[in-house]
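The values are calculated or read from the model by the stated rules, or taken from the named source; none is laboratory data. In this text the structure is predicted, and so the values were computed from the model without any measurement. In this analysis, Cβ positions are derived from the backbone assuming ideal geometry, glycine residues included, and neighbour counts consider all displayed protein chains. Calculation scope for accessible area: heavy atoms of the full protein, side chains included, ligands and nucleic acids excluded. Shrake-Rupley method; radii C 1.70, N 1.55, O 1.52, S 1.80 Å.
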Amino acid sequence: MAQHQNHGGHHSHGSMKEYVIGFILSIVLTIIPLVLVMNSILSKTATMITILVMAVLQFVVQLVFFMHIREGEKPRYNVQTLILGLVIVFTIVAGSLWIMLFNKY
Amino acid sequence: MWENIKDFASTFFVTGDPLIYGADVSIVLSIIAIVFVLTKYKKWGWLWREWLTTVDHKRIGIMYLIASLLMLFRGGVDALLMRLQLAFPNVEFLNSEHYNAIFTTHGTIMILFMAMPMMFALFNMVVPLQLGARDVAYPFLNALSFWLFMLGAMLFNISFVIGGSPDAGWLSYPPLSQNEFSPGPGQNFYIWGIQISGIGSLATGINFIVTILKMRAPGMKLSKMPLFSWSVLSSCIMIIFAFPILTVTLALLFLDRFAGAHFFTMDGGGNPMMYLNLIWMWGHPEVYIVVVPAFGIFSEIVATFSRKKIFGYKSMVWAMMIIAVVSFFTWAHHFFTMGTSASVIAFFAISTMIVGIPTGVKVFNWLFTMYRGRISFKQPMLWTIAFIPCFVIGGATGVMLAVAPADYQYHNSYFLVAHFHQVLIGGVVFGYLAGIYYWWPKLFGFKLDEKLGKWGFWFWNIGFYVCFMPQYALGFMGMTRRYYTYGWDRGWADLNLVSTVGAFLMGIGFIFQVWQIAYSIKNGERDTTGDPWNGRTLEWSIPSPAPFYNFAVVPQVKEMDDWWATKEAKANGTYKEEPAKLEPIHMPKNSGIPFIMANFWFLVGFGFTFGWVWMAVIGFIGVFACMWARSFQYDTDYYVPVEEVRRTEASLGRVV
């Protein structure tokens, strides 16, 4: 739009190499939990912990390789948004556990 | 063969109810009428070029507005049917199943297909103008959002003549919404109608955050941004965090229904209560998503019609930003009675009371703005003033509901029904109507007639209290929501009749407003100044209706309420005219892809609704083909030459 006419081409949004690495990493991080669950390799607790760790790593891979978290002009926005996002994710996960675990028994 | 077709048609089309046959006939007749008019006056090309493919935020806003008014009509008719059924004991107007379908579609349509698009209409009509921008950050995505909403809404709406309406309540709780208890396409219509329009809502949230953060006119720091734009920012932050939760929750419910998963089933390790937990994580912020922009509208209107700067600008901004965060910590108050630990209940009861505080702050700020102001009671201000007592009562009953032990009494009673209608009508509907009256001249170039508007206003307001005040009492008398009939022995007859009368008064109010719009198109006072209310913010500095590029010259902002400051400087003689230098204006090109892609999404939704996977696959192929085509489109923008800008401005009575 008029305010930023020099759009396109100026900021390089990562290289082919980065995208390929990100793609492979995210696929691997998806396959690991699937294999673990389908073949029941680990105990229940260990499976859950592994899935959670894979989920967090997946989150990091997405942010770094596809969302270009390191590149913004004003990293302050990125950090603020990320913190709010983490607070909300924590609320969703921890809040659900807190509410629902009582309900289970 | 013939038997097969007959069989198919009798399940495919909804049959057996005279009301539905009436609707069938009127739908067919209106389609024929529309096609006839478009063909006779050779308007198909015009429709495609000027509307279906447009990426202009103002036109998209107008389309949202039209769609939301139609949905208000549909949801309103649902409400009147329900009130007729409940007007007297033992009425046999609707049977229980039809009643269930109607209260379900009433709720879903009013929140998701009336309030949301009316809100997006106001976002689109106002935000870029208020920021001094020429369009939103992503005009193409904006058009796509609209068409996804529109086709999602249509998918949901056809359910009452094709396949059968959803009837498991507006939030579609399992286990009732599972295959076991709700076989057939009804629930699938619900899921896909909301999913498709939900993607659009999410995209709109992103679009307006970027617009607000990146597209403000030079000099407009965040601390000088008008409050309506602040409220949009707050609302959009909630949208981008809340809507993914809805998408995931409905996707899980669909997997349960379609693929036999067990997320929310009663057996196989599922837990239907988890659905309540997840859906309200979206559902509670959703209430704030729709009401916060109304707060922004009131802030603009109160300042303009009191001829004063808004009182407590900073506290207003803080209040809206705090609501954007705290609204995510209150969801469990929707299911206190589900049964959980005392500490959970205590936490959510307190957080619910806390989220009321910033709202209280805002009410005081509006009152202090009016204090010693020169108030003029034009239509936007009337609705604003009516909102305050209405919302205060709604807020107070909300805090009553937040008191967890007492909630066990109010839960799912008509007390609750009255409460949320009071905040949603008194807050959201009054707010959006005020906003529509306020910004209407900017979009259309004429004012809406005052006299007819006042008739509408009083019918709405009196009707509102007549309708909902008795419902508080009915709640205390033990009437729970979703009853489709009741006996004389309950003693609810008188109050229910009063309530029905009130609902019809509101219906008359709506008819007055439709009349008002029709009348004003011909006879409304034309706005030749571009500033009909003596406004304060940038949108009033340009002609009405706003030209397609909004601002011939991008404004340089120096003050908060910059246009007001400019006018004052002009009056004092201290205004320094800066020579305006016209430059070619960079604009996005129209595109048919959003419309086509949304239609393919409709195929996806319709296919999954009836379990016709082949149709869904065709839809998905179409969606990806559209994305593919768009990715390789490079010719997406153009420049408006200076000469054309000068001509357009001259035709609007401005010399540049």
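Scanning the range B:88-129 for residues being assigned to a loop (DSSP other than H, G, I, E, B) and of a type in the set (Phe, Trp, Tyr) gives a total of 2. Could you list, in sequence order, all residues of the range B:31-53 that are of a type outside the set (Val, Ile, Thr) and over 24 Å from B:SER591 (Cβ atoms)? Correct list: B:ALA33, B:PHE36, B:LYS40, B:TYR41. Out of curiosity, is B:ALA546 crowded, with 20+ Cβ neighbours inside 10 Å, on the phi < 0 side of the Ramachandran plot and within 14 Å of chain A (Cβ to nearest Cβ)? Criteria not met by B:ALA546. Counting only helices (runs of 4 or more DSSP H) wholly contained in the range B:342-433, the ones carrying 1 or more residues that are closer than 26 Å to B:PHE459 by Cβ occupy B:342-370, B:379-402, B:414-423. When you scan the range B:574-594, how many residues do you find that are within 14 Å of chain A (Cβ to nearest Cβ) and open to solvent by 20 Å² or more (accessible area, probe 1.4 Å)? The number of residues fulfilling the criteria is 6.
The single residue among B:GLY426, B:GLY463, B:GLY456 that is more than 29 Å from B:GLN130 (Cα to Cα) and either touching a residue at least 24 places away in the same chain (Cβ under 8 Å) or open to solvent by 20 Å² or more (accessible area, probe 1.4 Å) (or both) turns out to be B:GLY463. Taking the range B:32-58 as the range and being part of a helix (DSSP H, G or I) and closer than 29 Å to B:PHE551 by Cα as the test, the residues that pass are B:GLY45, B:TRP46, B:LEU47, B:TRP48, B:ARG49, B:GLU50, B:TRP51, B:LEU52, B:HIS57, B:LYS58. Condition test on B:ALA332, is it farther than 27 Å from B:PHE387 by Cα and part of a helix (DSSP H, G or I)? Answer is yes for this residue. Yes or no: B:GLY169 in a loop (DSSP other than H, G, I, E, B), over 19 Å from B:PHE602 (Cβ atoms), modelled with pLDDT under 95 and open to solvent by less than 10 Å² (accessible area, probe 1.4 Å)? Against the criterion (in a loop (DSSP other than H, G, I, E, B), over 19 Å from B:PHE602 (Cβ atoms), modelled with pLDDT under 95 and open to solvent by less than 10 Å² (accessible area, probe 1.4 Å)), B:GLY169 qualifies.
Based on what the data block shows, is B:PHE254 among the hydrophobic types (A, V, I, L, M, F, W, C), open to solvent by 10 Å² or more (accessible area, probe 1.4 Å) and within 14 Å of chain A (Cβ to nearest Cβ)?
No: the conditions fail for B:PHE254.
For B:PHE243, the criteria (1) in contact (Cβ under 8 Å) with a residue 60 or more places away in the chain; (2) buried (at least 19 other Cβ atoms within 10 Å of the Cβ) hold in every case but one, which is (1).
Residue pairs whose Cβ atoms lie under 7 Å apart, separated by 6 or more positions or on different chains, with the first residue in the range A:15-27 and within 14 Å of A:GLN58 (Cβ to Cβ) and the second among the aliphatic types (A, V, I, L, M), are A:GLY22/A:VAL61; A:LEU25/A:VAL61; A:SER26/A:VAL61. Tallying residues that are part of a helix (DSSP H, G or I) and surrounded by fewer than 24 Cβ atoms within 10 Å (Cβ to Cβ) within the range B:442-452 yields 5. Restricting the range B:314-333 to residues that are open to solvent by less than 50 Å² (accessible area, probe 1.4 Å) and closer than 30 Å to B:TRP564 by Cα leaves a set whose member that is nearest to the other protein chains (Cβ to nearest Cβ) is B:ALA324.
The criterion of at least 1 residues that are within 14 Å of chain B (Cβ to nearest Cβ) and open to solvent by 90 Å² or more (accessible area, probe 1.4 Å) is met by the following helices (runs of 4 or more DSSP H) wholly inside the range A:13-105: A:44-61, A:75-104. Among the residues of the range B:352-381, those that are under 23 Å from B:PHE241 (Cβ atoms) and open to solvent by less than 10 Å² (accessible area, probe 1.4 Å) comprise B:VAL355, B:LYS362. B:ILE194 satisfies every condition listed in (1) more than 14 Å from chain A (Cβ to nearest Cβ); (2) touching a Gly at 6+ places or on another chain (Cβ under 8 Å); (3) within 30 Å of B:TYR549 (Cα to Cα); (4) hydrophobic (A, V, I, L, M, F, W, C) except (3).
Scan the range B:208-220 and tell me whether some residue there is among the aromatic types (Phe, Trp, Tyr), buried (at least 24 other Cβ atoms within 10 Å of the Cβ) and touching a Cys at 6+ places or on another chain (Cβ under 8 Å). For the range B:208-220, residues among the aromatic types (Phe, Trp, Tyr), buried (at least 24 other Cβ atoms within 10 Å of the Cβ) and touching a Cys at 6+ places or on another chain (Cβ under 8 Å): present. Annotation: B:GLU286 fulfils all but one of (1) under 22 Å from B:THR397 (Cα atoms); (2) surrounded by fewer than 20 Cβ atoms within 10 Å (Cβ to Cβ); (3) away from every other protein chain (no Cβ under 14 Å); the unmet one is (2). What do you reckon, is B:PHE264 in a loop (DSSP other than H, G, I, E, B), of a type outside the set (Val, Ile, Thr), surrounded by 24 or more Cβ atoms within 10 Å (Cβ to Cβ) and away from chain A (no Cβ under 11 Å)? Considered against the rule, which asks whether it is in a loop (DSSP other than H, G, I, E, B), of a type outside the set (Val, Ile, Thr), surrounded by 24 or more Cβ atoms within 10 Å (Cβ to Cβ) and away from chain A (no Cβ under 11 Å), B:PHE264 comes out as yes. Looking for whichever is of a type in the set (Phe, Trp, Tyr), within 14 Å of another protein chain (Cβ to nearest Cβ) and buried (at least 20 other Cβ atoms within 10 Å of the Cβ) here; the options are B:PHE311, B:PHE336, B:PHE347, B:PHE305. Which one fits? Residue meeting the stated conditions: B:PHE336. A count restricted to the range B:127-144 and to residues that are in contact with a Lys or Arg (Cβ under 8 Å, 6 or more places away or on another chain) and open to solvent by less than 10 Å² (accessible area, probe 1.4 Å) stands at 5.
Can you tell me how many residues in the range B:172-204 are part of a helix (DSSP H, G or I) and open to solvent by less than 40 Å² (accessible area, probe 1.4 Å)? The qualifying residues number 17.
Out of all the residues in the range B:602-656, which are open to solvent by 60 Å² or more (accessible area, probe 1.4 Å), among the hydrophobic types (A, V, I, L, M, F, W, C) and in a helix (DSSP H, G or I)? Listed by number, the residues that qualify are B:VAL613, B:TRP614, B:VAL617, B:ILE618, B:PHE620, B:ILE621, B:PHE624, B:MET627, B:TRP628, B:ALA650. Considering (1) farther than 30 Å from B:ILE517 by Cα; (2) surrounded by fewer than 18 Cβ atoms within 10 Å (Cβ to Cβ); (3) in contact (Cβ under 8 Å) with a residue 12 or more places away in the chain, the lone condition that B:GLY395 does not fulfil carries the number (2). Each residue in the range B:115-172 was checked for being among the charged types (D, E, K, R) and away from chain A (no Cβ under 14 Å), and 1 pass.
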